[in-house]
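The values are calculated or read from the model by the stated rules, or taken from the named source; none is laboratory data. Source: prediction; values computed, not measured. When we count neighbours, we look across all protein chains shown, and the Cβ atoms used for this are built from the backbone with ideal geometry, even at glycine.
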Amino acid sequence: MQEITRKLHEITTDKTLSPAQKAHYLALEAENLLPYPALDAKTQQALDERVICDLYEGHAPYKPRYVLPDYSIVLKQGSEYLELPVPETLDEAINTLMIAYHHVPSVTGMPVYLGQLDELLLPFCDGVDDQELYNRIKLFWRYLDRTLPDAFMHANIGPTDNRVARTILRVDAELKQTAPNLTFFYDPQVSTEQILAIATNSIVECSKPHIANHPMHVETFDERGYGIVSCYNALPVAGGSSTLTRLSLKEVALRSKGEADFFDSVLPHYMEMNFRLAENRIDFLFNESNFFESFLVAEGWIERDRFTAMYGIYAMAEAVNVLQDKEGRAGRYGFDDLANALGHRISRVLAETVEQRPMKNVWRGHAMLHAQAGLSNDVQATPGVRIPYGTEPDPVMHIQALAPHHQYYESGISEILTLDETIKDNPEAMQQLCKGAFSCGFREFTVNVASNDLVRVTGFMVRLSDIKKFNEAKGSRTNTTALGAEAADIVNILERKPRVMSHELRPGYGQ
Amino acid sequence: MSSARATVSKILTYSCVDGPGNRLVVFLQGCNFNCSACHNPHTIGVCNHCGDCIPACHAAALSLEDGEISFDPVACDMCDACIEACPIGANPMVRQYSIANILDLIRKHRPFLSGITVSGGEPTQQLKFISELFQAIKSEQEFSGFSCFVDSNGHLGAANWEKLLRFTDGVMLDIKGFDDSLHEELTGKSNERSLHAARILYAAGKLYELRFLLIPGKTDNDAELNRLIEFVESLGKDVRIKLNAFQHHGVKGKALDWEKMPQAGVEMAAERLRAAGIQNVVTPSVYI
């Protein structure tokens, strides 16, 4: 008990946290005083050894990890529970959403999904001129960043070219805020070249939006739709994901004698442990927490049977390199064809196993594979299936090496391409890269432009200037900066290599 | 298909600074200028197989076979010691490419590319190869919409430009200086042909960009900037002008004693051009 009292004291007296941030951490500590949902001995051992991990979701999952309400319900019906009438004007619609967000839980305590905002707001825009629309979106955006300061919070727009989407892109590039994060759904059959150009120009300005390959996601989900939330997770709308448990492929590879042992025995064993960990958490959420008694279900914002389980994996790069070493092969992940092919085989086996393993209280009866973007304290383990920081080949080769993985990761895979700022003079190049990435099977296209203050760290956005301030112990208004500062210190994340520095011709042969 | 082959220093599959969009860039070895300020001096010379680089290679990637330098790219660890050792500013790591080789590369990376740019060195030194390469690209339906650009010092003769332009979409042309004796001091050659090339290219609607390298105390003075403005006015004020800043990165020899061009100086020069009514002036996005 002394240990915990010391920790609580530390939180309450921390110089860098706001009272709200302290309350959040205190609540987490309180939850974790409860016993963990009972695990069998083998699963417990795998968890203790950190081969599998629950991403510190807490000991008593009383809310799903990610909740994606269908906000069109509250905009069409109002809410009895919240005593909200049906909105009729744009102001009322935005106000209704602003209220709604505060009732949507997630693992961070803040909403991760703000809705398909252009689709939601367009019906309220008749008779609103462009200047008025701009003013309202700007205030809305400022409100979101200041009251829900979490970069995991995500707005979606597209694939059509419309006034609201254009205004959001304009305001977002202008304000350069950490929150909200933004994804543009791109469909070559529907989106215009112009809106793609606006989106790619915005990336040059502020490393947002992230661009989703809409046709590929549509094929994965159903008519109710999908949303992109948090660290580029693709999940069913009117549902979400109950949990995200993840498997360290590196740790699995280290426990294997070689490639055959990995595939035949060690990987299947630990995959099963990760399924069981997820099941235990889901059982608590569905059978004990009473979460689904919420008005969110009663009023139809979410449905109990639309929650998937995200099956996360990470450290593919290290796993492949460990197996290459064990097999006496020199080729490295990301650079060597054989090593890359081994990685693709691992992804295929993971996807097949996840598809075939039945799970109770999970959307469609099985989990969805996810390439997990990392935790800020991961050491020597590269997020998802990415090529390690600082060693990536040029962006085109990077995309080509990783593209074959994308088909397998239905609930999302984040690849961060780092481009140097010479791209600022040539936004057409950004557009071409995006199209190229999608044509070879990328699910998502995410870029950091190296000189931007706003950057993605393991999947969420932070401001470099905030990290600097945080490190000088001034504290930060946004919750993710604390994570970002940790990430920068521990995993050299800011060393992610900017590519193609002004294109001086470097004499060395090779890439 | 043509049997023409090119001596290639390096190929990039991603470049956003060598023309519009993302481009495949083929750096061809050998240049007819000898610029002190060159940031790729190892692309100027052409290997004469003297073998002086072999002892410099700690990875044993270089050898002489039948009197010619042989390079093993697998053994090479890219330390560039051979380039330092080369007495004539050449590069023993060059490779030979056929037109079919380049077309295969384009096919492999096609969805990512807006076009190809041949650079160097001076790519027009290998005129037969680039003409035939561009002709092959322009005659194949599968490459429709794929643009062909040249990055050149403009020393190529007028008649040859006419031939090359038939298959070329745009040229980035460097003018190293307007005063002819200054140009000769900087490059070893007169600027007469380069200026003439600019006129031919502009008249043909293929001058994508005119580039001018600002070197403190040499090309950033009033006289040079005024002549640049006059020259652009004589062509047309719509020319896109790219002002480059002399930096030390990659430079060898006496030019390392020259001052680097500061950002403020570049911005001042850009302002002068804009004030003269030249609107499309581009300055570097990065200073190193």
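Per-structure values
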{"item": "Options A:TYR62, A:TYR66, A:TYR81, A:TYR56; residue that is among the hydroxyl-bearing types (Ser, Thr, Tyr) and at positive phi", "result": "A:TYR56"}
{"item": "Breaking point among (1) over 23 Å from the mean Cα position of the chain (by Cα); (2) aliphatic (A, V, I, L, M); (3) within 28 Å of A:SER248 (Cβ to Cβ), for A:LEU28", "result": "(1)"}
{"item": "Subset of the range A:1-59 [charged (D, E, K, R), in contact with a helix residue (DSSP H, G or I) (Cβ under 8 Å, 6 or more places away or on another chain) and in a loop (DSSP other than H, G, I, E, B)]", "result": "A:ASP14, A:ASP40, A:GLU49, A:ARG50, A:ASP54, A:GLU57"}
{"item": "Residue count, the range B:1-24 (criterion: more than 8 Å from chain A (Cβ to nearest Cβ), closer than 19 Å to B:PHE129 by Cα and either among the hydrophobic types (A, V, I, L, M, F, W, C) or part of a loop (DSSP other than H, G, I, E, B) (or both))", "result": "8"}
{"item": "Test for A:SER230: is it buried (at least 22 other Cβ atoms within 10 Å of the Cβ), at pLDDT below 95, farther than 20 Å from A:GLY115 by Cα and out of contact with any helix residue (DSSP H, G or I) (no Cβ under 9 Å at 6 or more places or on another chain)", "result": "no"}
{"item": "Hits in the range A:370-384 - residues which are surrounded by 23 or more Cβ atoms within 10 Å (Cβ to Cβ) and more than 23 Å from A:VAL449 (Cβ to Cβ)", "result": "A:HIS370, A:GLN372"}
{"item": "Residue check for A:ALA165: within 20 Å of A:LEU120 (Cβ to Cβ), aliphatic (A, V, I, L, M) and either at pLDDT below 95 or buried (at least 20 other Cβ atoms within 10 Å of the Cβ) (or both)", "result": "yes"}
{"item": "Selected residue (only one of B:LYS176, B:LYS163, B:LYS138 is more than 16 Å from B:ALA6 (Cβ to Cβ) and under 16 Å from the mean Cα position of the chain (by Cα))", "result": "B:LYS176"}
{"item": "Elements of type helices (runs of 4 or more DSSP H) contained in the range A:299-415, each with 1 or more residues being touching a Phe, Trp or Tyr at 6+ places or on another chain (Cβ under 8 Å) and within 22 Å of A:LEU254 (Cα to Cα)", "result": "A:316-326, A:337-356"}
{"item": "Subset of the range B:235-285 [among the hydrophobic types (A, V, I, L, M, F, W, C), under 30 Å from B:ILE88 (Cα atoms) and within 14 Å of another protein chain (Cβ to nearest Cβ)]", "result": "B:LEU243, B:ALA245, B:PHE246, B:VAL251, B:MET261"}
{"item": "Filter pass, B:VAL94 being buried (at least 19 other Cβ atoms within 10 Å of the Cβ), among the β-branched types (Val, Ile, Thr) and in contact (Cβ under 8 Å) with a residue 60 or more places away in the chain", "result": "yes"}
{"item": "Condition check for B:GLY45: assigned to a loop (DSSP other than H, G, I, E, B) and more than 16 Å from B:SER9 (Cα to Cα)", "result": "no"}
{"item": "Pairs, first at negative phi and crowded, with 22+ Cβ neighbours inside 10 Å in the range A:401-421, second β-branched (Val, Ile, Thr) and assigned to a helix (DSSP H, G or I), C-beta under 6 Å, six or more apart", "result": "A:GLU410/A:THR220"}
{"item": "Any hit, the range A:278-289, residues being within 24 Å of A:ALA381 (Cβ to Cβ), hydrophobic (A, V, I, L, M, F, W, C) and without any contact (Cβ under 8 Å) to a residue 40 or more places away in the chain", "result": "no"}
{"item": "Residue among B:LEU64, B:LEU105 that alone is in the same structural domain as B:LEU256 (by TED's automatic domain parsing) and of a type in the set (A, V, I, L, M)", "result": "B:LEU105"}
{"item": "Counted residues, the range A:73-103 - those being part of a helix (DSSP H, G or I) and over 23 Å from the mean Cα position of the chain (by Cα)", "result": "13"}
{"item": "Criterion: in a loop (DSSP other than H, G, I, E, B) and either in contact (Cβ under 8 Å) with a residue 24 or more places away in the chain or of a type in the set (A, V, I, L, M) (or both) - qualifying residue of B:GLY51, B:GLY30", "result": "B:GLY30"}
{"item": "Residue among B:GLU209, B:GLU230, B:GLU224, B:GLU184 that alone is modelled with pLDDT of 95 or more and surrounded by fewer than 13 Cβ atoms within 10 Å (Cβ to Cβ)", "result": "B:GLU230"}
{"item": "Close pairs from the range B:56-85: first more than 10 Å from chain A (Cβ to nearest Cβ) and free of Cβ contacts under 8 Å to residues at least 40 places away in the same chain, partner part of a helix (DSSP H, G or I) and among the charged types (D, E, K, R), Cβ under 9 Å, at least 6 apart", "result": "B:ALA56/B:GLU84"}
{"item": "Qualifying position, being among the acidic types (Asp, Glu), more than 30 Å from A:PHE184 (Cα to Cα), surrounded by 17 or more Cβ atoms within 10 Å (Cβ to Cβ) and out of contact with any Leu (no Cβ under 7 Å at 6 or more places or on another chain), among A:GLU288, A:GLU279", "result": "A:GLU279"}
{"item": "Only one of B:LEU113, B:LEU133 that is within 12 Å of chain A (Cβ to nearest Cβ) and buried (at least 23 other Cβ atoms within 10 Å of the Cβ)", "result": "B:LEU113"}
{"item": "Qualifying residue in the range B:90-106 (condition: over 22 Å from B:THR13 (Cα atoms) and within 13 Å of chain A (Cβ to nearest Cβ))", "result": "yes"}
{"item": "Residues satisfying the stated conditions in the range B:48-78, i.e. among the acidic types (Asp, Glu) and within 20 Å of B:LYS10 (Cα to Cα)", "result": "B:GLU68, B:ASP72, B:ASP77"}
{"item": "Residue within the range B:255-265 that is of a type in the set (Asp, Glu) and within 21 Å of B:CYS35 (Cα to Cα) present", "result": "yes"}
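Listed here are the residues, each with its yes/no results for (1) touching a helix residue (DSSP H, G or I) at 6+ places or on another chain (Cβ under 6 Å); (2) at pLDDT 90 or above.
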| residue | (1), (2) |
| --- | --- |
| A:ASN377 | yes, no |
| A:PRO383 | no, no |
| A:GLY390 | yes, no |
| A:ASP394 | no, no |
| A:GLN400 | no, yes |
| A:HIS406 | no, yes |
| A:GLU410 | yes, yes |
